[in-house]
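Worksheet: one structure, shown below.
The values are calculated or read from the model by the stated rules, or taken from the named source; none is laboratory data. Predicted model only: the values in this text are computed from it and were never measured. Don't worry about glycine lacking a Cβ; one is built from the backbone with ideal geometry, like all the others, and counts go over all protein chains shown. Surface accessibility is based on the protein's heavy atoms, side chains included, excluding ligands, DNA and RNA. Shrake-Rupley method; radii C 1.70, N 1.55, O 1.52, S 1.80 Å.
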Protein chains: 2
Amino acid sequence: VADRARTDVAALVRRGRDGDARAVARLISLVEDASPALREVSERLVEHTGNARVLGITGAPGVGKSTSTSALVTAMRATGRRVGVLAVDPSSPFSGGALLGDRVRMQDHAVDKGVYIRSMASRGHLGGLSWATPQAVRVLDAAGCDLVLVETVGVGQSEVDVAGLADTTLVLLAPGMGDGIQAAKAGILEIGDVYVVNKADRDGATQLARDLRGMLALAQRADGAWRPPIVKTVAVKGDGLDALVEAIDRHHDWAEESGELAGRRLRRARDEIEAIALTALRARFVDLHGHADLDRLAAEVIAGDTDPYAAADRVVATL
Amino acid sequence: VADRARTDVAALVRRGRDGDARAVARLISLVEDASPALREVSERLVEHTGNARVLGITGAPGVGKSTSTSALVTAMRATGRRVGVLAVDPSSPFSGGALLGDRVRMQDHAVDKGVYIRSMASRGHLGGLSWATPQAVRVLDAAGCDLVLVETVGVGQSEVDVAGLADTTLVLLAPGMGDGIQAAKAGILEIGDVYVVNKADRDGATQLARDLRGMLALAQRADGAWRPPIVKTVAVKGDGLDALVEAIDRHHDWAEESGELAGRRLRRARDEIEAIALTALRARFVDLHGHADLDRLAAEVIAGDTDPYAAADRVVATL
């Protein structure tokens, strides 16, 4: 704690803004570890943020997200943009750390000063985004990234989380990973701004794109609403990446002009404030009551002496 | 509202306990719709609950969860147990309703009075369990079900949710759905009490079971801890179901003797109370502040005038 208390956050932010990758790494660690310096980091970053575009990348395991992310970094770098990548892994069940396996390809970019790559564990949020992700995005934003890619390996909640976080959400699919109905089950049809059929050189890619187009066409969309395009790629060869960058930029332009971008960013900031406030409230009532008291109420519910709503009333009433 | 205010909850609970399926359906609807009668339902149910065993069934799309659930219902009915099924679907992206497709097989049990089946949408919790699920479990428990099966189609967050809700969690896998590493990514290795390799007559089933056994063996488990068995089934033919029922019962016996069951139920009741209390607090600060105030704070964060932690402090301070 003494060591952390000595952290010179102002200097780290200054160095991070000057392009010092180690300072950026340290800032993200402070955020990720919920360091006591977290609040100061947040405070010092805020005036430098709001420039980066946030791109969410999601899809089921095996569709080629890491390869696509890597190919997208290359394509975005070719347009001169500085790129940050946050690869959010579900916690490894055994080590608590991130599984690194398919991050290896990212090493293509290891010597490029215009790229910052970070794997984050999604501790305590299995399959979801870490609560620290929005703050890590702010660090990369403040460090001058024009684009922050947030790649989630999960399906389910993490997709929803990443869509909440991103200006533009890419949903990746690949042939042979399950049919259209399965896609609908996973809930991906409502969150994508751009759909990518990766591994488009494989059997079934055309059919998958057709099925997807059909399902997207069923969605009721208002006049002037964005109609998510479907882009075919072979990420491992870099095929289709220019079209993908173009689709992403087109969505961004639409979102900016239509007011959707401002609306999303407002919602995102509001959700973030609310989440922090609720965490603080929760900590407060654990302080007030302690787990022992909650356990006693829980035991009463189990015994049938009180119901969960009445028990919750008693918790809230004493706040 | 007038109609709902007239709901005679006491009579519904009485009829539900007498085995009236329509009364049970109505009670679950009251719970699911967050009807004004919800609190009274909760209050009147509590003394009749605590008898049912809750069995969670989860796995990736395509592993055969619905078929397995149906086969398990048949096997459990053969042992004379009354069975309730809650099939929790992610919301359909277009209709807001549950996708019914593969529920059709459940109609095998439609005329069996000892089986109660209900599809629930997981509204607002894409890929996760509906907040109403614990209350729906209570309804089925009070209605005299010996066993409540909660089947989730999602992966990711819903698996964690169902594990939190269940006395025993079944994780289903099937050959050809992705390798062991993919399984680890989805985080399933830490939540299963019993693993099921379904479609065990297909190529790759033996290898999948072997890989799974290897990965489970890597987990650090305390002495006396439960070692999750792996059961092979062909649910569509009913093969392996007796062994599955036996493994489930064995886990239940162990959980009861070891104190794990009491611990899980306590944790579950505590989580439920906490979630209801937090929802109430959240509603309270939306009442106090309204969305306009939160929007104003969010706009300040976006403009760089304040950071999210300072904004959250202001929300909490005025409570």
Would you mind stating whether A:Leu45 is modelled with pLDDT of 90 or more, open to solvent by less than 10 Å² (accessible area, probe 1.4 Å) and touching a Leu at 6+ places or on another chain (Cβ under 7 Å)?
-> no
Which one is surrounded by the most Cβ atoms within 10 Å (Cβ to Cβ) among residues in the range B:252-263 that are under 21 Å from the mean Cα position of the chain (by Cα) and among the hydrophobic types (A, V, I, L, M, F, W, C)?
-> B:Ala255
Condition test on B:Ala217, is it closer than 30 Å to A:Arg267 by Cα, within 12 Å of chain A (Cβ to nearest Cβ), more than 21 Å from the chain's Cα centre (by Cα) and free of Cβ contacts under 8 Å to residues at least 24 places away in the same chain?
-> no
Taking the range A:194-203, which residues are touching a Leu at 6+ places or on another chain (Cβ under 7 Å) and not hydrophobic (A, V, I, L, M, F, W, C)?
-> A:Tyr195, A:Asn198
Does any residue of the range A:61-70 turn out to be of a type outside the set (Ser, Thr, Tyr) and at pLDDT 90 or above?
-> no
Quick count over the range A:23-34, residues being over 21 Å from the mean Cα position of the chain (by Cα) and either modelled with pLDDT under 90 or within 24 Å of B:Ala311 (Cβ to Cβ) (or both), is 0
Restrict the check to the range B:215-228 and report whether at least one residue is among the hydrophobic types (A, V, I, L, M, F, W, C), within 28 Å of B:Thr133 (Cα to Cα) and open to solvent by less than 80 Å² (accessible area, probe 1.4 Å).
-> yes
Kindly provide the set of residues from the range B:202-214 that are under 13 Å from B:Leu173 (Cβ atoms) and open to solvent by 50 Å² or more (accessible area, probe 1.4 Å), ordered by number.
-> B:Arg202, B:Thr206, B:Gln207, B:Arg210, B:Asp211, B:Arg213
Selected residue [assigned to a helix (DSSP H, G or I), touching a helix residue (DSSP H, G or I) at 6+ places or on another chain (Cβ under 7 Å), within 14 Å of chain B (Cβ to nearest Cβ) and open to solvent by 30 Å² or more (accessible area, probe 1.4 Å)] from A:Leu266, A:Leu281 | A:Leu266
Of everything in the range B:5-32 that's more than 15 Å from B:Val137 (Cα to Cα) and of a type in the set (Asp, Glu), which residue is least open to solvent (accessible area, probe 1.4 Å)?
-> B:Asp20
Answer from B:Asp249, B:Asp313, B:Asp242 - the residue that is open to solvent by 50 Å² or more (accessible area, probe 1.4 Å), assigned to a helix (DSSP H, G or I), among the charged types (D, E, K, R) and more than 8 Å from chain A (Cβ to nearest Cβ) = B:Asp242
Can you name every residue in the range A:48-91 that is farther than 19 Å from A:Ala269 by Cα, in contact with a strand residue (DSSP E or B) (Cβ under 7 Å, 6 or more places away or on another chain) and either open to solvent by 20 Å² or more (accessible area, probe 1.4 Å) or charged (D, E, K, R) (or both)?
-> A:Lys65, A:Arg77, A:Arg81, A:Asp89
Hand me the list of strands (runs of 3 or more DSSP E) wholly inside the range A:114-221 holding 2 or more residues that are at pLDDT below 80 and of a type outside the set (A, V, I, L, M).
-> A:115-121
Show the residue pairs that are 6+ apart or on different chains and have beta-carbon atoms under 7 Å apart, the first residue being within the range B:58-71 and more than 17 Å from B:Gly192 (Cβ to Cβ), the second being at pLDDT 85 or above and surrounded by fewer than 24 Cβ atoms within 10 Å (Cβ to Cβ).
-> B:Thr67/B:Val236; B:Ala71/B:Gly238; B:Ala71/B:Leu241
Selection over the range A:298-310 where residues are open to solvent by less than 20 Å² (accessible area, probe 1.4 Å) and part of a helix (DSSP H, G or I) yields a count of 3
Taking the condition closer than 30 Å to B:Val236 by Cα and polar (S, T, N, Q), does B:Ser68 pass?
-> yes
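Per-residue answers, yes or no, for (1) away from chain B (no Cβ under 13 Å); (2) out of contact with any Cys (no Cβ under 6 Å at 6 or more places or on another chain); (3) not small (Gly, Ala, Ser):
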residue	(1), (2), (3)
A:Val9	no, yes, yes
A:Gly16	yes, yes, no
A:Arg26	yes, yes, yes
A:Ala34	no, yes, no
A:Arg39	no, yes, yes
A:Glu43	no, yes, yes
A:Val46	no, yes, yes
A:Leu55	yes, yes, yes
A:Gly59	no, yes, no
Based on what the data block shows, is B:Ser70 hydroxyl-bearing (Ser, Thr, Tyr), farther than 17 Å from B:Leu147 by Cα and in contact with a helix residue (DSSP H, G or I) (Cβ under 9 Å, 6 or more places away or on another chain)?
-> no
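Would you mind stating whether B:Ile273 is touching a helix residue (DSSP H, G or I) at 6+ places or on another chain (Cβ under 8 Å), modelled with pLDDT of 90 or more and not acidic (Asp, Glu)?
Considered against the rule, which asks whether it is touching a helix residue (DSSP H, G or I) at 6+ places or on another chain (Cβ under 8 Å), modelled with pLDDT of 90 or more and not acidic (Asp, Glu), B:Ile273 comes out as no.
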